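Scroll down for the structure; my scribbles are underneath it.
The values are calculated or read from the model by the stated rules, or taken from the named source; none is laboratory data. Just so it is clear, the model here is predicted, and its values are computed rather than measured. Cβ coordinates were reconstructed from backbone atoms using ideal geometry, including for glycine residues, and neighbour counts include every protein chain displayed.
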Amino acid sequence: MFSNFPATPPQASSFSREHDLIFYALLALTVIFTVMVGIGVIYFVIKYKRGSDADRSRPIYEDARLETAWSVIPLILALIMFYFGTKLFITMRVPPADAQEIFVIGKQWMWHVQHSNGVRENNTLHVPAGKPFKLTMISQDVIHAFYIPAFRAQMHVVPGRYTTMWFTPTQPGKYHLFCSMYCGTQHSEMGGTVVVMEPREWANWIENGGQSQATLTLEQSGERLYKQLACNNCHGAEDNMRAPSLYGIWGKKRTLTGGRSVIADQSYLRESILRPHNKITNGYSNTMPVYDGQINEEDVLKLMAYIKVIGSSVGGPSSSGTDTAAAVLNGTKGTMSPFAANAIQYQNSSMRRVDSTPTTRSGELAVNAIAAQQEAKGN
Amino acid sequence: MSAIPADPNVTADSATPRTETNYLNADWSIKSWLLTGDHKRIGILYLVTVSFFFFLGSIAAGLIRYELTAPAGFILESETYNKVFSAHGIIMVFLFLIVAIPAILGNFLLPLMIGARDMAFPRLNLLSWYLFMIGGACIMGGMINGGVDSGWTFYVPYSSMYANSNVTMVLTGIFIAGFSSITTGINFIVTTHKMRAPGMTWFRLPLMVWALYATGVVIILGTPVVAVTLLCIIFERVFHLPIFSAELGGDPVLFQHLFWFYSHPAVYIMILPAFGVQSELIANFARKRVFGYHLIAFSTLAIAGLGFLVWGHHMFISSESMYQGVVFSLISFLVAIPSAIKVFNWTATLYKGNIRLQTPMIYALGFIGLFTIGGLTGLFLGCLGTDVHLTNTYFIVAHFHYVMVGGAVTAFLGGLHYWWPKMTGRLYPESIAKWNAVLVFIGFNLTFFPQFIVGFMGMPRRYHYYYFAPEFQPYHIMSTLGSTVLALSFIIPGLYLTRSLTKGAKASANPWGAHGLEWETSSPPPTSNFLQIPVVLDEVYDFDPVTEHEQDKAAQALEVPSYLSNEAKSIESEKEKR
């Protein structure tokens, strides 16, 4: 129940624990003093309410010792809290020498992030766990603030001067990125996601120019899909009881039930994937499910590309990464509160008047980055 | 208080005939109100106009709260939402909080409390109301004619170069209203120095007067700075004079320094008079001299002074230097101490008192609780390490509402009830008012406590949408529920107080049996306040809880009906016996 009703932000950077310790210490002080004062007030009000028979003789009006005590004790407590707060603050403001630099540009109403190897991203920030990063930030127009609650890190982004913040992410996951300094009409939508990845995964990501996985060829995607849809369960390397093999089928003549024959071209393959019952290969019965409406045209193209080369060595085993990408994409689903349904419905129905501008909160992939990287390689 | 008028025959007491001319019925013409120099009438003018502005500001607050129940809003467009929260902030800060206690209660009470016939500069006082009205009209005009969407803080370069709304007109209004504050401040200071009745030494002053005096000092030192700063925005906006905007060669952070140099002390303009009201209420309803009178008086001045040295704690993450941050944090922790002292002293005042739980006292007790929470949560924000996470979130929103609404508004309502019989000559219905005071406390906590949690979770303030963070929604719904209760608890007093103007029982000169010069003249007071200037011979808050308790007992023994619903009557009868 409480996972749907969180009351604390996730702890995802090296500052989070220390920050929360100080926070809870202050909270304890607040509760203790409020309860003390509250009990004092209620006790006195009950005891000395008009008409009660309490002893009211020799009241005190000034008492130097008492007043010194309740000036000095809070003062000492305050100075202790000041010490710990300042210690954490100085840590937060002095980046370690080995921190890797990332540049951030704020503008109405988007965040533009530039990694040191040239990878660029908008409204997202991908960082690996366990490595210190220093953000050097500047605004192109008004004052913004770069705020990652899970990192307990926040800093103004000011036009005309660089500001810096640093952090070491600790916990892989997806976290909110907010602009927390009011900056105009779409202030609340200027933000996105900070993705903390496993170091190896991030290394892949940054190496591939900001893609979660290496760009797959159409055939490779097709092969993956072929396995995902379990086509290979029936359509194996050899013809079997259930289904004919598709190895080397491309361009061949196929004999159908009833003696008619067709050439296995694109139209035939597409139809046989989507509506297999229309043209059944001679000797087989109608057992394959209908995929019409189950997969889209893009997937059909992928499958077709794979089937063209099936049996040859082109569609080799692909790199891992899809699983992580899927995990990242679905990252928040597990903890979604009932209230989320509301929000998502809205988001889907109306992602929306601002859709065409670059200011949406969509986690836009850094397509430009690939071009930039290739350009760099070419030089 | 043992203030003995020179001629005992003119002592204004409960026997004062009702037909006597007072400041309200002296002249009914509109002209006599609009051209009045009487501080009491000016106080009433302020009460009417400020209540109107409070109503407008509350409507804006309600719109914000209802809009935020849904993660993607359902009433307003983003641009409208931004204009609404700006309107809420600007109206509540500049047209309500800064004026409420000083200009309404302060204007009405200061001369009465020190035994003077009027403020030192009555015409300046009237001018201050007109300046306030002109400023208010400009602000309203700007809001109607295009609105303003820069927030009440007017951060540059958004306000000077980017906002497409009517910033200039609203700034002009605030600039003009600032002079209204300044003239009020001058009046407070000069009046306190020069117009005290014979025998009214500094340490016989009610703590309310100390608070108003300190407020006057803060107003005079701070307001000119913000006036000049806002003027600079107007110049930059209209003439592109390069001052703050980086693209013109200015420095946007300089604006924040200048703005908070005023706006932090402005917090004390709002809360110091509330401390004053609080001290009066606690003393008069605990029937006991305020514990540590001197310490409270000095801590008031200490807060006023130190308050000018902490502005940088609004800017820990604004790119001010790290070392600056450390110094400002240290001083911010220090300024918390005088506030803590006050809370302890008020609590200690209750010890061995003879406590009457009437409406103003319930507000005063609520104030202690809410201000304690408001003050202590301020430590989270003065503490550097935690401020980095909490600033700009709903945590800060909750914190300053605990201080401003839980503190200043609660004290204002308590004070308004306490001095209502003096101001209007009528009593309000006690039992409904009592329950309403409890309702304010409940509604307030329901509204703002969830905001601490959602702020800690990272919900930034001034956010219209949060569909990308649906985990915030439950807290917004709770907060909106609370704000509905709170709104109701503000409407109810509006109704019964207005009704009491005509239907309320007539008030005697001193319905509470309170001490203070203002209670020694009739209710409502004559235009000249006192028929004869009183001479003060003794300390303020000269109560004797022991004797009073014995008298209560004696009165019971004599079978004075204790069930009289109007407690004021029994106090009166007891007073006559004495």
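When the residues of region B:288-299 are filtered to those that are surrounded by fewer than 24 Cβ atoms within 10 Å (Cβ to Cβ) and more than 19 Å from the chain's Cα centre (by Cα), the one that is farthest from the other protein chains (Cβ to nearest Cβ) is B:F298. For region B:350-374, the set of residues classified as touching a Lys or Arg at 6+ places or on another chain (Cβ under 9 Å), part of a helix (DSSP H, G or I) and within 9 Å of chain A (Cβ to nearest Cβ) consists of B:L350 only.
Exactly one residue out of B:G106, B:G142, B:G135 is more than 14 Å from chain A (Cβ to nearest Cβ), farther than 30 Å from B:Q278 by Cα and outside any loop (DSSP other than H, G, I, E, B): that is B:G142.
Okay, residues lined up against (1) of a type outside the set (V, I, T); (2) modelled with pLDDT of 95 or more:
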| site | (1), (2) |
| --- | --- |
| B:G185 | yes, yes |
| B:V190 | no, yes |
| B:H193 | yes, yes |
| B:A197 | yes, no |
| B:R204 | yes, no |
| B:F239 | yes, no |
| B:E247 | yes, no |
| B:L254 | yes, no |
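Looking at B:A302, B:A283, B:A274, B:A266, just one residue is more than 14 Å from chain A (Cβ to nearest Cβ), more than 29 Å from A:P159 (Cβ to Cβ) and not in a loop (DSSP other than H, G, I, E, B), and that residue is B:A274.
Restricting attention to region B:153-202, the residues that are among the hydroxyl-bearing types (S, T, Y) and over 19 Å from B:T223 (Cα atoms) add up to 8. For region B:311-332, does any single residue satisfy the condition of being under 28 Å from A:I60 (Cβ atoms) and in a helix (DSSP H, G or I)? So far as region B:311-332 goes, no, none of its residues is under 28 Å from A:I60 (Cβ atoms) and in a helix (DSSP H, G or I). Just so you know, in region B:20-78 the residues that are farther than 22 Å from B:I477 by Cβ and of a type in the set (D, E, K, R) include one that is surrounded by the fewest Cβ atoms within 10 Å (Cβ to Cβ), and it is B:K31. So which residues in region A:153-167 are touching a helix residue (DSSP H, G or I) at 6+ places or on another chain (Cβ under 9 Å) and free of Cβ contacts under 8 Å to residues at least 60 places away in the same chain, if there are any at all? Those that are touching a helix residue (DSSP H, G or I) at 6+ places or on another chain (Cβ under 9 Å) and free of Cβ contacts under 8 Å to residues at least 60 places away in the same chain: A:Q154, A:M155, A:H156, A:V158, A:P159, A:G160, A:R161.
Pairing each residue of region B:542-557 that is more than 9 Å from chain A (Cβ to nearest Cβ) and crowded, with 16+ Cβ neighbours inside 10 Å with any residue that is among the aliphatic types (A, V, I, L, M) and part of a helix (DSSP H, G or I), provided the two are 6+ apart or on different chains, yields C-beta distances under 9 Å for B:F543/B:A283; B:F543/B:A286.
Residue pairs whose Cβ atoms lie under 7 Å apart, sitting 6 or more positions apart in sequence or on different chains, and linking a residue in region B:305-333 that is more than 7 Å from chain A (Cβ to nearest Cβ) to a partner that is buried (at least 19 other Cβ atoms within 10 Å of the Cβ) and of a type in the set (S, T, Y), are B:G307/B:Y268; B:V310/B:S332; B:H313/B:S329; B:H313/B:S332; B:F316/B:T391.
A quick yes/no check of all residues on (1) under 21 Å from B:I189 (Cα atoms); (2) under 18 Å from the mean Cα position of the chain (by Cα); (3) surrounded by fewer than 22 Cβ atoms within 10 Å (Cβ to Cβ):
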site	(1), (2), (3)
B:A274	yes, yes, no
B:E280	yes, yes, no
B:F285	no, no, no
B:V310	no, no, no
B:M315	no, no, yes
B:S318	no, no, no
B:G325	no, no, no
B:I331	no, no, yes
B:L334	no, no, yes
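The set of residues from region B:388-398 being in contact with a Ser or Thr (Cβ under 8 Å, 6 or more places away or on another chain), part of a helix (DSSP H, G or I) and of a type outside the set (A, V, I, L, M) comprises just one member, B:F395.
Among all residues of region A:8-23, there is at least one that is out of contact with any Cys (no Cβ under 7 Å at 6 or more places or on another chain), within 7 Å of chain B (Cβ to nearest Cβ) and surrounded by fewer than 15 Cβ atoms within 10 Å (Cβ to Cβ). On the basis of being among the hydrophobic types (A, V, I, L, M, F, W, C) and in contact with a Leu (Cβ under 7 Å, 6 or more places away or on another chain), does A:I22 make the cut? Yes, satisfied.
Looking only at residues in region A:168-202 that are farther than 18 Å from B:T391 by Cα and free of Cβ contacts under 8 Å to residues at least 60 places away in the same chain, the one that is farthest from the other protein chains (Cβ to nearest Cβ) is A:R200. Taking region B:400-430, which residues are over 27 Å from B:T377 (Cα atoms) and of a type outside the set (A, V, I, L, M)? Once the filter is applied, which keeps residues that are over 27 Å from B:T377 (Cα atoms) and of a type outside the set (A, V, I, L, M), region B:400-430 yields B:H417, B:Y418, B:W419, B:W420, B:P421, B:K422, B:T424, B:G425, B:R426, B:Y428, B:P429, B:E430. Of the candidates B:F380, B:F441, the single residue that is surrounded by 24 or more Cβ atoms within 10 Å (Cβ to Cβ), among the aromatic types (F, W, Y) and in contact with a helix residue (DSSP H, G or I) (Cβ under 7 Å, 6 or more places away or on another chain) is B:F380. Could you tell me whether any residue of region A:278-287 is of a type in the set (A, V, I, L, M, F, W, C) and modelled with pLDDT of 80 or more? For region A:278-287, residues of a type in the set (A, V, I, L, M, F, W, C) and modelled with pLDDT of 80 or more: present. Return yes when A:S57 is more than 7 Å from chain B (Cβ to nearest Cβ) and not in a helix (DSSP H, G or I) and no when it is not. Spelling it out, it is not the case that A:S57 is more than 7 Å from chain B (Cβ to nearest Cβ) and not in a helix (DSSP H, G or I). Of all the criteria given as (1) within 25 Å of A:T185 (Cβ to Cβ); (2) modelled with pLDDT of 95 or more, the one not satisfied by B:I176 is (1). The residues of region B:44-80 include none that are in contact with an Asp or Glu (Cβ under 6 Å, 6 or more places away or on another chain) and in a helix (DSSP H, G or I).
Of B:T410, B:T377, all but one fail to be closer than 30 Å to B:N284 by Cβ, within 12 Å of another protein chain (Cβ to nearest Cβ) and assigned to a helix (DSSP H, G or I); the exception is B:T377. Given the condition surrounded by fewer than 18 Cβ atoms within 10 Å (Cβ to Cβ), without any contact (Cβ under 8 Å) to a residue 60 or more places away in the chain and either within 8 Å of chain B (Cβ to nearest Cβ) or within 16 Å of B:A348 (Cα to Cα) (or both), answer yes or no: does some residue in region A:73-81 qualify? Checking region A:73-81: at least one residue is surrounded by fewer than 18 Cβ atoms within 10 Å (Cβ to Cβ), without any contact (Cβ under 8 Å) to a residue 60 or more places away in the chain and either within 8 Å of chain B (Cβ to nearest Cβ) or within 16 Å of B:A348 (Cα to Cα) (or both).
Among the candidates A:I263, A:I280, the residue that is farther than 16 Å from A:Y226 by Cβ and exposed (fewer than 13 other Cβ atoms within 10 Å of the Cβ) is uniquely A:I263. Applying the condition of being of a type in the set (S, T, Y) and under 24 Å from A:P10 (Cα atoms) to region A:137-164 and asking which residue is nearest to the other protein chains (Cβ to nearest Cβ) yields A:Y147. Against the test of being over 22 Å from B:Y268 (Cα atoms) and under 25 Å from the mean Cα position of the chain (by Cα), the options B:I373, B:I355 yield a single qualifying residue, B:I355.
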